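First the structure, in the form of structure tokens, and then the observations on it.
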Amino acid sequence: MTKKITFLGIETSCDETAASVIRENDKGTADVLSNIVSSQISEHKKFGGVVPELAARAHIENIEYIIKAALGECKVSLNEIDGIAATAGPGLIVCLTVGLNIGKSIAAFTNKPFVAVNHLEGHALSPGIENNIQFPYLLLLISGGHSQFLIVKDVNEYEQLGTTIDDALGEAFDKTAKMLDLGYPGGPSVEKASKLGDKNFFTLPEPIINKAGCNLSFAGLKTAVLRESKKINGNDKLKFNLAASFQNTINKILYKKTKIAVEMFKKKINTPNINLVVAGGVAANISIRENLKKLSREIGFKTVYPDLKFCGDNAAMIAWAGIKRFKKNLLNKIDVEAKSRWALDENAPYMKGPGLKL
Ligand code: KG4
Ligand code: ZN
């Protein structure tokens with residue numbers, strides 16, 4: 001029997017301080033021995049968004065306790081760990097540095113292998129924690145900072161099919177929540193409010209819906225929500241109608257663009273079994289899940305969604321990416337530095353800024 005690899009994962013790229021211990025199992029997936037996430041929601045709530053300096057300070061205050069709690073909960077000692085993985089980017093440098101440095105220090109003092117994980121690879125591989133899913137698969141990665149369609153060919157091998165040319169989808173949810181005064185964090189509160197409204201009440205734009213392949217755009221939609229929000233004047237019914245119309249518009253955009261992405265995937269990859277993985281914080285949105293499930297039944301592919309606890313930022317996905325990279329000998333030296341930008345497909349064109357031609 002081959003030895004089952006156990007990793008400690010650490011995540012501090014944004015406003016969650018997280019640590020996790022996971023171990024490979026016989027099913028080709030992982031046993032999550034502990035998965036501790038300390039959210040800083042209360043700290044950032046009054047500002048309506050993440051304040052980098054506050055986030056970094058909170059990571060510094062919490063990280064030691066969170067790592068000890070992750071190890072303590074499953075009674076695994078550092079001696080029993082085969083390696084340490086920490087998020088090294090993309091994200092806020094002041095935040096990333098906290099988890100990365102403590103991860104590197106633990107690795108250095110215990111003489112264990114170290115893996116610097118791309119946070120996006122953590123999301124991309126996250127369904128593998130619980131599903132023995134085969135490469136290649138199509139990934140819709142929707143989070144607070146990114147919105148992309150990618151072919152996941154293998155660990156460390158990604159091909160970008162499309163990306164947002166302006167805002168990320170999570171950002172659109174968060175800004176909509178702010179404009180509708182629904183509170184922070186935005187995504188879950190917009191989802192909740194949308195259930196109380198009429199999704200056809202407002203007609204909102206679907207930017208670049210008929211062009212630019214499976215690239216996405218949400219800035220024009222956000223501006224339209226701002227314009228319509230001026231009509232609310234304290235009327236809750238109108239507020240819920242606007243939240244519902246926003247959610248419905250997102251569903252229409254993702255339905256159409258995912259259909260295009262599946263076609264693009266089919267042209268590049270010859271397989272009868274197409275899996276679409278939807279990962280990242282926004283993948284927790286049930287309405288988006290159901291909408292894409294409907295598309296999957298219509299055009300014949302399978303949807304795979306990570307469990308809700310692995311959608312938002314967590315360290316189990318970082319530990320899992322660490323194990324996958326360790327097994328391919330993709331290790332890092334202790335002088336590896338945090339990166340604020342880090343694309344999964346480094347050959348993909350940069351799709352933002354003035355002068356962009358679609
Ligand atoms: O992956 P994540 O936790 O952090 C980043 O890597 O960015 O994603 C956070 C984003 C936030 O914008 C949050 O509002 C959004 O995911 N989100 C949701 C839902 N839950 C979280 N958006 C829509 N519906 C949800 N239920
Ligand atoms: Zn994330």
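Of the numbered conditions (1) free of Cβ contacts under 8 Å to residues at least 60 places away in the same chain; (2) more than 16 Å from ligand 2 (Cβ to nearest atom); (3) surrounded by fewer than 19 Cβ atoms within 10 Å (Cβ to Cβ), Glu228 satisfies every one except a single condition; which is it?
Just one mismatch for Glu228, condition (3).
Go through Lys199, Lys192, Lys230 for me and flag whichever is at pLDDT 95 or above, within 16 Å of ligand 1 (Cβ to nearest atom) and more than 27 Å from Asn314 (Cα to Cα).
Working: Lys192 fails: more than 27 Å from Asn314 (Cα to Cα); Lys230 fails: within 16 Å of ligand 1 (Cβ to nearest atom).
Just one listed residue meets the conditions, Lys199.
Let me spell it out: the conditions are (1) modelled with pLDDT under 95; (2) within 18 Å of Asn101 (Cα to Cα), and Ile10 meets all of them except one. Which number is the exception?
For Ile10, the failing item is (1).
Please state which of the following conditions Gly91 fails to meet, knowing it meets all the rest: (1) under 19 Å from the mean Cα position of the chain (by Cα); (2) more than 30 Å from Pro272 (Cβ to Cβ); (3) surrounded by fewer than 21 Cβ atoms within 10 Å (Cβ to Cβ).
Only one criterion is unmet by Gly91, namely (3).
Take the residues in the stretch 272-303 that are assigned to a loop (DSSP other than H, G, I, E, B) and in contact with a strand residue (DSSP E or B) (Cβ under 9 Å, 6 or more places away or on another chain), then tell me which one is surrounded by the fewest Cβ atoms within 10 Å (Cβ to Cβ).
The first filter runs over the stretch 272-303 and keeps only residues assigned to a loop (DSSP other than H, G, I, E, B), leaving 272-274, 280, 285, 300-301.
Adding the requirement that they be in contact with a strand residue (DSSP E or B) (Cβ under 9 Å, 6 or more places away or on another chain) leaves 273-274, 280, 285, 301.
On the way: Asn273: 9, Ile274: 18, Gly280: 29, Asn285: 25, Phe301: 20.
Taking the candidates together, the pick is Asn273.
Please find, among Leu92, Leu125, the residue that is closer than 12 Å to Ser13 by Cβ and not aromatic (Phe, Trp, Tyr). Spell out how you get there, then give the answer.
Working: Leu125 fails: closer than 12 Å to Ser13 by Cβ.
Every option except Leu92 fails the conditions.
What are the pairs, 6+ residues apart or on separate chains, where a residue within the stretch 88-113 that is in the same structural domain as Cys14 (by TED's automatic domain parsing) has its Cβ under 6 Å from a residue that is of a type in the set (Val, Ile, Thr) and in a helix (DSSP H, G or I)?
The qualifying pairs are Val98/Ile60; Val98/Ile63; Ile102/Ile63.
Where in the stretch 1-51 are the strands (runs of 3 or more DSSP E), entirely inside, with at least 1 residues that are free of Cβ contacts under 8 Å to residues at least 40 places away in the same chain?
Fully inside the stretch 1-51 and qualifying: 16-24, 30-39.
Out of all the residues in the stretch 323-331, is one or more more than 16 Å from ligand 1 (Cβ to nearest atom), over 22 Å from Asn25 (Cβ atoms), aromatic (Phe, Trp, Tyr) and in contact (Cβ under 8 Å) with a residue 12 or more places away in the chain?
Looking through the stretch 323-331, none of the residues is more than 16 Å from ligand 1 (Cβ to nearest atom), over 22 Å from Asn25 (Cβ atoms), aromatic (Phe, Trp, Tyr) and in contact (Cβ under 8 Å) with a residue 12 or more places away in the chain.
Inside the stretch 288-322, can you point out the residues that are among the β-branched types (Val, Ile, Thr), in contact (Cβ under 8 Å) with a residue 40 or more places away in the chain and under 17 Å from Asn251 (Cβ atoms)?
Applying the first criterion (among the β-branched types (Val, Ile, Thr)) to the stretch 288-322 yields 288, 299, 303-304, 318.
Add one more test, that the residue is in contact (Cβ under 8 Å) with a residue 40 or more places away in the chain, and what stays is 288, 299, 304, 318.
Correct list: Ile288, Ile299.
I'm trying to understand the selection: among the residues of the stretch 43-53, which are buried (at least 16 other Cβ atoms within 10 Å of the Cβ) and either closer than 14 Å to Cys14 by Cβ or among the aliphatic types (A, V, I, L, M) (or both)?
Result: His44, Val50, Val51.
With the requirement that a residue be of a type in the set (A, V, I, L, M, F, W, C), within 14 Å of Ala85 (Cβ to Cβ) and away from ligand 1 (no atom under 16 Å from the Cβ), what does the stretch 101-133 give you?
Ile102, Ile106, Ala107, Phe114, Val115, Ala116
Tell me which residues, restricted to the stretch 163-216, are among the acidic types (Asp, Glu) and more than 16 Å from ligand 2 (Cβ to nearest atom).
Asp166, Asp181, Glu191, Asp198, Glu206
The values are calculated or read from the model by the stated rules, or taken from the named source; none is laboratory data. Everything numeric here is computed off the predicted structure, so don't read it as measured data. Because the Cβ atoms are built from the backbone with ideal geometry, glycine has one as well, and the counts that use them run over all protein chains shown.
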